[in-house]
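Below you'll find the structure, written out as structure tokens, and then a few comments.
The values are calculated or read from the model by the stated rules, or taken from the named source; none is laboratory data. Note that the structure is predicted; figures quoted are calculated from it, not measured. Heads up, the Cβs are rebuilt from the backbone with ideal geometry, glycines too, and the neighbour counts pull from every protein chain shown.
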Ligand code: TYD
Ligand code: MG
């Protein structure tokens, strides 16, 4: 076997292959495999030459890692209660969603709290970042700004300055002169992230890496970096909506699935402390096709409006269009309605949308989705002061969901007075709400819309 075989890597998913292929077997992408430099053959010489590393027992750890708060509470919450020293964080998101804006605001906030902070931009010139800082009113924050893409120079600078926090915007622009591949390629992104994360752990510097994701996954995205860092945050939002959600998908120091809600304004991102009120803001009177879901996002209850439109279709296979909800979830609910309750959607287009650009992943949203669709189909409005939640099983039964009390409490706080929920063994407090517990979908359809 030749010693110096080169390796082939898929630029979309990062899978390694022995030879070039037109299609990646791992992710199915076409023309995504590129040849890269030789794989390392491991340490040279005999293993006996290694240095023995010091070992400690599990109990010797001191206090919990110190955390620094930025004062931006939506950000601190997503981080699990503040920034942990010497941690590595990845912030991913579509280009133009507001990552640089968020991180410039975050780094300024940390700097104002007394942390030594550096912001290294590989995408924009220093003057451009300064212009943005001026627009955001952040020029007074004591942040060290650098515009550089050569990672060797950046690491030297970090080593000399020893900041508490360094933001690298973005990891795709960074390059190491020891690697031949172009910046943004899988091997460069992976190596650059590895260098920065190792540096962070060794020298006690927290790093935040910015990574772009593309819908097609064409450029080496944050995916290849995710396993190296402590925390992975995604910054998401719909174009045309001003709301932005910062979502933790992995966090070694806090709850995953925690979200922070922001609003993009002319003066940067501002915190949204009561997102329920915001997502429901343009609801005035009862309209058919709308249902309010009492959801839980991370540790926080949140109300969201689910909107549906059902219309006769001219197509052989009618449309099923979703925004903010998984398409497979909609198909399942339609199938259960048809098989268990006998309500067919053949010949009908179904459009489903979560208001405000929010995205719903919880199975507990099933009942609100079914409610919105049925309301649209039957042209019967759901009472405007009613919230719904519950998971629909394939048998048509409604399954209890977590944190029912918290959902009811949030609904009560926003002026809702009744809730439709699965029949649960114990609901301690109803928070003053009229609770209509139902055990299956047939009962739900019967009570809400007549016999169907
Ligand atoms: P940016 O942070 O550059 O996005 P990213 O780094 O994720 O690519 O944000 C770019 C968008 O944000 C741009 O379309 C303009 C908008 N924006 C505002 O609406 N208000 C502001 O104060 C700023 C700085 C940007
Ligand atoms: Mg940017």
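A few points about this structure:
- Odd one out for residue 374, checked against (1) more than 26 Å from the chain's Cα centre (by Cα); (2) surrounded by fewer than 21 Cβ atoms within 10 Å (Cβ to Cβ): (2)
- Considering (1) modelled with pLDDT under 95; (2) under 22 Å from residue 212 (Cβ atoms), the lone condition that residue 121 does not fulfil carries the number (1).
- Residues being within 12 Å of residue 290 (Cα to Cα) and in a helix (DSSP H, G or I) - total across the range 340-366: 1
- Single residue of the range 238-249 satisfying the filter (in contact (Cβ under 8 Å) with a residue 24 or more places away in the chain and within 21 Å of residue 90 (Cα to Cα)) that is nearest to ligand 1 (Cβ to nearest atom): 244
- Residue 54 meets each of the listed conditions (1) closer than 24 Å to residue 184 by Cβ; (2) out of contact with any strand residue (DSSP E or B) (no Cβ under 6 Å at 6 or more places or on another chain); (3) assigned to a loop (DSSP other than H, G, I, E, B); (4) at pLDDT 80 or above apart from (1).
- Of the helices (runs of 4 or more DSSP H) contained entirely in the range 83-202, those carrying at least 3 residues that are more than 16 Å from ligand 2 (Cβ to nearest atom) fall at 99-112, 151-161.
- Residue that is surrounded by fewer than 16 Cβ atoms within 10 Å (Cβ to Cβ), more than 15 Å from ligand 1 (Cβ to nearest atom), over 26 Å from the mean Cα position of the chain (by Cα) and in contact (Cβ under 8 Å) with a residue 12 or more places away in the chain, where the choices are 144, 81: 144
- Taking the range 281-300 as the range and being crowded, with 19+ Cβ neighbours inside 10 Å and on the phi < 0 side of the Ramachandran plot as the test, the residues that pass are 290, 291, 292, 293, 294, 295, 296, 297.
- From the list 121, 108, the lone residue that is touching a strand residue (DSSP E or B) at 6+ places or on another chain (Cβ under 7 Å) and away from ligand 1 (no atom under 12 Å from the Cβ) is 108.
- Listing of strands (runs of 3 or more DSSP E) fully contained in the range 250-309 that carry 2 or more residues being within 16 Å of ligand 1 (Cβ to nearest atom) and within 18 Å of the chain's Cα centre (by Cα): 259-265, 268-271
- Cβ-Cβ under 9 Å pairs, at least 6 apart or on other chains, the range 94-112 side over 17 Å from residue 125 (Cα atoms) and free of Cβ contacts under 8 Å to residues at least 60 places away in the same chain, far side more than 13 Å from ligand 2 (Cβ to nearest atom) and in a helix (DSSP H, G or I): 108/133; 109/75
- Any chance residue 243 is surrounded by fewer than 23 Cβ atoms within 10 Å (Cβ to Cβ), in contact with a strand residue (DSSP E or B) (Cβ under 7 Å, 6 or more places away or on another chain) and over 21 Å from residue 69 (Cα atoms): yes
- In the range 206-216 there is at least one residue that is crowded, with 20+ Cβ neighbours inside 10 Å, modelled with pLDDT of 90 or more and more than 16 Å from ligand 1 (Cβ to nearest atom).
- Checking each residue in the range 159-171 for being surrounded by 19 or more Cβ atoms within 10 Å (Cβ to Cβ) and either more than 24 Å from the chain's Cα centre (by Cα) or under 14 Å from residue 148 (Cβ atoms) (or both) picks out 163, 164, 166, 167, 168, 169, 170, 171.
- Extreme residue, nearest to residue 270 (Cα to Cα), among residues of the range 31-51 that are surrounded by 13 or more Cβ atoms within 10 Å (Cβ to Cβ) and at pLDDT below 80: 32
- Meets criteria (touching a strand residue (DSSP E or B) at 6+ places or on another chain (Cβ under 7 Å) and surrounded by fewer than 23 Cβ atoms within 10 Å (Cβ to Cβ)) for residue 390: no
- Applying the criterion of being more than 15 Å from ligand 1 (Cβ to nearest atom) and at pLDDT 95 or above to the residues of the range 165-185, the residue that is farthest from residue 32 (Cα to Cα) is 165.
- Residue in the range 59-74 that is in a strand (DSSP E or B), more than 30 Å from the chain's Cα centre (by Cα) and modelled with pLDDT under 90 present: no
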